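Q: The structure under discussion is supplied below as structure tokens; questions concerning it will follow.
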Amino acid sequence: MRHIISILLQNEAGALARVSGMFSARGYNIESLSVATTNDPAVSRLTLVTLGSDAVIDQIIKQTRKLIDILEITDLSRTDHIECELLMIKIEMAQDTAQQVIDCVRKHRVSVLDGSDNTRMLQLAGTGAEVDAFVAEIATIAKIIEMVRSGVAALTRGHPVLAVPQ
């Protein structure tokens, strides 16, 4: 089962390496990883996606919580949450498919970041399924030159907040 783990950790050199090293040493795969500072510059939020049973995820959380830089950790998959992913994609299109590209871009609410005669750089923020659907459709009408996807970013809905314990 897919799980989204959200971790607050000290924003210090080596903190991310210790988390990823723990995953690697125990044979856990990280499907997606996103990390950046929070509103407190001394704290970073690491959001990762991994696969495993609830028992395996409980073990991952217990082992991760023991690491020196970890301030808080939770499995967002067990909460009501919203997740988002960013896609930037550069395409090359033929003149005769330009209208199809425009229709696809409108259908998926994609932003055009840059363009020339036959290339476009596009951006989409959405769920992983929305990003996958757009990539699959655009690939049928344009040549994908290059693309990059961010890792999943996610927050719980409403009042529950992942915060540094006081």
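The values are calculated or read from the model by the stated rules, or taken from the named source; none is laboratory data. Just so it is clear, the model here is predicted, and its values are computed rather than measured. Backbone-built Cβ (ideal geometry, glycine too); neighbour counts: all protein chains shown.
Q: Inside segment 106-126, can you point out the residues that are modelled with pLDDT under 95 and either assigned to a strand (DSSP E or B) or crowded, with 18+ Cβ neighbours inside 10 Å (or both)?
A: Within segment 106-126, the subset modelled with pLDDT under 95 is 115-118.
Within segment 106-126, just GLY115 meets the criteria.
Q: What tally of residues in segment 33-77 results from selecting those that are touching a residue at least 40 places away in the same chain (Cβ under 8 Å) and exposed (fewer than 14 other Cβ atoms within 10 Å of the Cβ)?
A: Counting residues in segment 33-77 that are touching a residue at least 40 places away in the same chain (Cβ under 8 Å) and exposed (fewer than 14 other Cβ atoms within 10 Å of the Cβ) gives 5.
Q: Among the residues of segment 43-60, are any out of contact with any Lys or Arg (no Cβ under 6 Å at 6 or more places or on another chain), at pLDDT below 95 and part of a loop (DSSP other than H, G, I, E, B)?
A: Yes, segment 43-60 contains at least one residue that is out of contact with any Lys or Arg (no Cβ under 6 Å at 6 or more places or on another chain), at pLDDT below 95 and part of a loop (DSSP other than H, G, I, E, B).
Q: Check ASP103, ASP132 and return the single one that is farther than 28 Å from ARG45 by Cα and not in a strand (DSSP E or B). Even if it seems obvious, please write down each step before you answer.
A: Details: ASP132 fails: farther than 28 Å from ARG45 by Cα.
Of the residues listed, the single one that is farther than 28 Å from ARG45 by Cα and not in a strand (DSSP E or B) is ASP103.
Q: Working only within segment 76-100, note down all residues that are touching a helix residue (DSSP H, G or I) at 6+ places or on another chain (Cβ under 7 Å) and either within 30 Å of ILE57 (Cα to Cα) or in a loop (DSSP other than H, G, I, E, B) (or both).
A: Result: GLU85, LEU87, MET93.
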